[in-house]
Amino acid sequence: MKFSYFHLMPWTDLKEAPTEWPAGNSGFVPERGKEMYDAYIDSMVFAEECGFDWVGCNEHHFSPYGLMANCNLIGGALTQRTSKIKLAMLGNLIPLLNPIRVAEEYAMLDVMSGGRLIAGMIRGVPHEYIAYNVNADESRARLREAVALILKAWTEPEPFGWEGEFFEYPSVSIWPRPMQRPHPPLLMSASNEESAEFAGEHKAICGLTLIADLDLARRSIETYTKAARAAGFEPPPDYILCGYATCIADTDEEARHNLEEGERYFHKVLMASLRDAQRLVITKSRYFGDQETGDRFVNRLVKLKERNLDDMIEAGSVFCGSPESVVKQIKRVHSALGNGVFNLNFKIGNIPDSVVRRGMELFRDKVLPQVYAL
Amino acid sequence: MFTTEQAVLDTGPITYRKGGTGRPLLLVHGTSGPNHTPVTDQLAQRHTVYQPIMPGWDGTPQHAAVKRVPNLADVYAAFIRTVIGGPCDVIGNSFGGWVAAWLAARHPDLVEQLVLECPAGMRDPGTGGLPTDPVELRRQTYARPERAPAPSRTQEAYWINRNLRDKIGAGSSLDEALLRELPKITARTLIVFGTKDEISPSDKAGPRLKTGIKRSHLTFVYDAAHALEFDQPERVGRLVTAFLERGEGFLVRSAQVV
């Protein structure tokens with residue numbers, strides 16, 4: 001079993017929830033921002049000492065939800081402060097970006113890290129399409145073409161041009177090329193059936209986050225596996241990643257208290273302005289291929305928000321408790337899903353960094369020894 | 001508006017289609033025979049397009065001198081001299097790309113600019129090639145089957161053409177002699193492959209042509225299989241017309257043609 005330490009880099013100092021999208025940035029204090037970046041990067045570096053196999057980060061825009069508008073910058077910092085942990089960019093929001101730039105930056109990260117990149121090719125949550133003014137109807141088609149172009153940029157030995165639906169480049173030849181051959185492993189979301197098929201078709205690591213219940217997650221994994229097999233690929237367990245909000249403390253009570261506080265800030269403050277934007281994109285565009293998938297996405301968010309902690313633990317949506325409790329929860333989910341990677345997010349909302357660090361130490365000393373052999 | 005005309009070359013008679021106005025452009029067709037694609041119409045707006053029918057194809061007389069691909073290239077050279085009257089731009093598609101590459105290598109003085117669309121003759125043995133099963137052939141030919149044209153010849157006529165191609169091509173997937181001759185091509189060359197081409201896979205052919213031809217550009221057309229002029233006529237038309245009009249200037253995005 002492999003474990004990934006994931007960070008959203010949230011802004012934790014808001015006293016009130018933003019009331020509209022995008023969140024006004026007058027409350028951002030650069031000096032505090034510097035402190036947060038320092039603390040968050042320290043935490044990600046510490047993940048290597050704690051035995052995590054991957055460290056993960058991602059891209060979000062126009063929101064205190066996450067301070068990584070370009071996670072590759074964080075990845076660049078991590079290449080210089082870590083030596084063996086895989087750097088999982090989970091990922092760049094490919095349809096919003098210049099795919100050649102993504103190919104270049106990912107190749108830089110792969111070379112700078114000595115071949116440790118896991119290249120997330122993510123479509124992005126709906127509201128990001130407002131931020132970058134990209135047609136949400138085209139999100140899937142843009143992702144498909146951009147991924148093909150990035151793979152070509154990584155693997156084609158001669159300069160080439162590209163004539164596509166969304167992208168035209170007369171001559172491409174990136175420097176550097178990635179270190180991993182033929183290219184770094186891809187990771188794609190499998191949070192709905194369509195995404196799961198797409199990930200399987202591309203022989204990518206499939207990533208499931210916001211797991212509302214284990215049955216739904218299992219169905220997505222089945223869809224992914226079927227599509228991968230159809231593409232001639234038998235995905236090993238470590239090609240199935242499940243993301244979890246995680247809180248480990250010395251006692252169950254302490255962990256529950258910490259996570260409840262963090263979740264409150266996460267849902268009431270950080271998510272506040274995002275929901276309206278997400279609703280807008282989902283209802284006013286064809287971001288999701290069909291109404292049912294869109295409804296499922298919204299319902300899943302609502303479900304996750306409304307449930308109490310016991311419900312979430314029972315549903316297999318979070319890991320929370322003492323090391324002994326978390327070991328049991330991890331084993332249970334692993335038994336149900338057969339995944340080979342857990343992507344653990346310890347920094348939920350405004351959980352203090354000292355609490356996060358204590359949780360990481362407990363993970364290293366008391367959880368990992370019990371679950372690494374799964 | 002295209003017309004069908006006749007000419008007599010030293011090696012024998014030849015039938016060709018001609019249409020459009022402008023700089024002369026020679027089209028070298030693929031295995032199945034001449035096709036009129038949406039790109040042909042775009043080209044005819046800027047060029048006088050000549051599309052000879054390979055000797056023996058579509059019931060035309062065979063030329064005894066045509067044994068192998070270089071001989072066929074020589075027939076096209078004679079056509080340029082006799083009918084067009086001087087050097088011209090050349091587009092070769094699939095098997096026609098193989099022939100056109102030989103034409104440009106053996107007669108560099110006759111080819112001004114060269115476009116090789118999904119050219120044959122450069123793939124590794126055991127990869128690609130035309131399937132015999134018609135369902136599989138159609139699947140590999142078109143990424144967008146809804147854009148495929150109605151058949152313009154019978155299956156029997158298709159197989160006569162295809163057997164001729166197999167005879168002249170001598171069953172070769174990789175033409176080592178052409179590979180050695182590629183450096184003799186002096187024409188600026190655009191090499192085009194569809195990203196879904198399984199018949200002329202680009203993985204080895206693209207780099208071979210790109211490194212072999214000195215002044216060449218390799219371009220991939222996204223979401224196109226072997227019949228890329230049918231699969232993506234707008235993209236191919238835009239690309240090829242820009243190249244033929246602007247030469248190396250096609251690399252520069254510009255609102256104005258300078």
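The table below gives the values:
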{"quantity": "Single residue of B:223, B:197 found to be farther than 23 Å from residue B:110 by Cβ, in a loop (DSSP other than H, G, I, E, B) and more than 10 Å from chain A (Cβ to nearest Cβ)", "calculated": "B:197"}
{"quantity": "Condition met for residue B:190 (within 12 Å of chain A (Cβ to nearest Cβ), outside any helix (DSSP H, G or I), within 23 Å of residue B:87 (Cβ to Cβ) and touching a helix residue (DSSP H, G or I) at 6+ places or on another chain (Cβ under 9 Å))", "calculated": "yes"}
{"quantity": "Residue A:209 being β-branched (Val, Ile, Thr), away from chain B (no Cβ under 14 Å) and in contact (Cβ under 8 Å) with a residue 24 or more places away in the chain", "calculated": "yes"}
{"quantity": "Residue that is surrounded by the fewest Cβ atoms within 10 Å (Cβ to Cβ), among those in the stretch A:138-163 that are more than 22 Å from the chain's Cα centre (by Cα) and more than 10 Å from chain B (Cβ to nearest Cβ)", "calculated": "A:154"}
{"quantity": "Test: residue B:127 is part of a loop (DSSP other than H, G, I, E, B) and at pLDDT 95 or above", "calculated": "yes"}
{"quantity": "Tabulated pairs, the stretch A:329-358, first free of Cβ contacts under 8 Å to residues at least 24 places away in the same chain, second among the small types (Gly, Ala, Ser), C-beta under 8 angstrom, 6+ apart or interchain", "calculated": "A:329/A:316; A:329/A:321; A:332/A:316"}
{"quantity": "The stretch B:93-123: number of residues that are among the small types (Gly, Ala, Ser) and either surrounded by fewer than 24 Cβ atoms within 10 Å (Cβ to Cβ) or out of contact with any Phe, Trp or Tyr (no Cβ under 8 Å at 6 or more places or on another chain) (or both)", "calculated": "6"}
{"quantity": "Scope the stretch A:164-179; condition surrounded by fewer than 17 Cβ atoms within 10 Å (Cβ to Cβ) and more than 11 Å from every other protein chain (Cβ to nearest Cβ); matching residues", "calculated": "A:175, A:176"}
{"quantity": "Qualifying positions in the stretch B:226-258 - part of a loop (DSSP other than H, G, I, E, B) and either under 16 Å from residue B:116 (Cα atoms) or touching a residue at least 40 places away in the same chain (Cβ under 8 Å) (or both)", "calculated": "B:226, B:227, B:232"}
{"quantity": "Residue identified as among the small types (Gly, Ala, Ser) and in contact with a His (Cβ under 7 Å, 6 or more places away or on another chain) among A:77, A:47, A:69, A:17", "calculated": "A:69"}
{"quantity": "Residue check for residue B:205: in a helix (DSSP H, G or I), more than 9 Å from chain A (Cβ to nearest Cβ) and either modelled with pLDDT under 95 or touching a Cys at 6+ places or on another chain (Cβ under 9 Å) (or both)", "calculated": "yes"}
{"quantity": "Given (1) part of a helix (DSSP H, G or I); (2) in contact (Cβ under 8 Å) with a residue 40 or more places away in the chain, number of the condition residue A:152 does not satisfy", "calculated": "(2)"}
{"quantity": "Among (1) away from chain B (no Cβ under 14 Å); (2) assigned to a loop (DSSP other than H, G, I, E, B) - the single one residue A:129 does not satisfy", "calculated": "(2)"}
{"quantity": "Single residue of the stretch A:180-190 satisfying the filter (out of contact with any Ser or Thr (no Cβ under 8 Å at 6 or more places or on another chain) and surrounded by 15 or more Cβ atoms within 10 Å (Cβ to Cβ)) that is nearest to the other protein chains (Cβ to nearest Cβ)", "calculated": "A:186"}
{"quantity": "Residue, nearest to the chain's Cα centre (by Cα), within the stretch A:103-112, restricted to residues that are surrounded by 20 or more Cβ atoms within 10 Å (Cβ to Cβ), in contact (Cβ under 8 Å) with a residue 40 or more places away in the chain and farther than 13 Å from residue A:173 by Cα", "calculated": "A:106"}
{"quantity": "Residue satisfying condition, being more than 18 Å from the chain's Cα centre (by Cα), within 25 Å of residue A:367 (Cβ to Cβ) and crowded, with 16+ Cβ neighbours inside 10 Å, within set A:258, A:308", "calculated": "A:258"}
{"quantity": "Members of the stretch A:87-102 found to be without any contact (Cβ under 8 Å) to a residue 40 or more places away in the chain and outside any loop (DSSP other than H, G, I, E, B), listed by number", "calculated": "A:87, A:89, A:92, A:93, A:96, A:101"}
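The values are calculated or read from the model by the stated rules, or taken from the named source; none is laboratory data. All of these numbers come straight from a predicted model, not from anything done at the bench. Note that we place each Cβ from the backbone using ideal geometry, even for glycine, and neighbour counts take in every protein chain shown.
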